[in-house]
């Protein structure tokens, strides 16, 4: 088991009552014991985006959305082609019966 580094620095920020309740209720979903642990994890995940410039995240999301849209379109085309194949096979089977 690795030794934890002592935590000596404090970071403070204010949130509204609604924001606090939303954050507090997320503890169980995320599997952390405290609001501090949840906030620490969130900041660590954000700072782990080393290779990605934070300004490019919206651009990456746009690209992801476009890719998903293309995939959805391709799935629809495949479904349509499969339906045509099924109908063709059914007609061929009916002719040979």
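Calculated mean residue ellipticity, 222 nm, the chain: -23500 deg cm²/dmol, from DSSP H runs (n ≥ 4) at -39500 (n - 2.57) each, averaged per residue and rounded to 500. Of the listed values [x] 6.0; [y] 11.5; [z] 13.9, identify the label whose number matches mean projected area of the Cα convex hull in nm² calculated from this model. Here mean projected area of the Cα convex hull in nm² agrees with entry [z].
For the pair residue 46 and residue 4, the difference between a 0.36 nm per residue extended length and the Cα-Cα distance amounts to 13.1 nm. Between the helical axis of 17-30 and the dominant principal axis of the chain, each derived from Cα atoms, what acute angle in degrees is found, rounded to the nearest 10? Computed tilt is about 60 degrees. Once the C-beta distance of residue 23 and residue 61 is scaled by a Förster radius of 22 Å, the resulting FRET efficiency is 0.45 to the nearest 0.05.
Taking label points 7 Å from Cα along the Cα-to-Cβ direction, residue 70 and residue 90 give a separation of 3.4 nm.
Coordinate-derived values only; no laboratory data. Because the structure is predicted, anything quoted here is derived from the model rather than measured. Note that we place each Cβ from the backbone using ideal geometry, even for glycine, and neighbour counts take in every protein chain shown.
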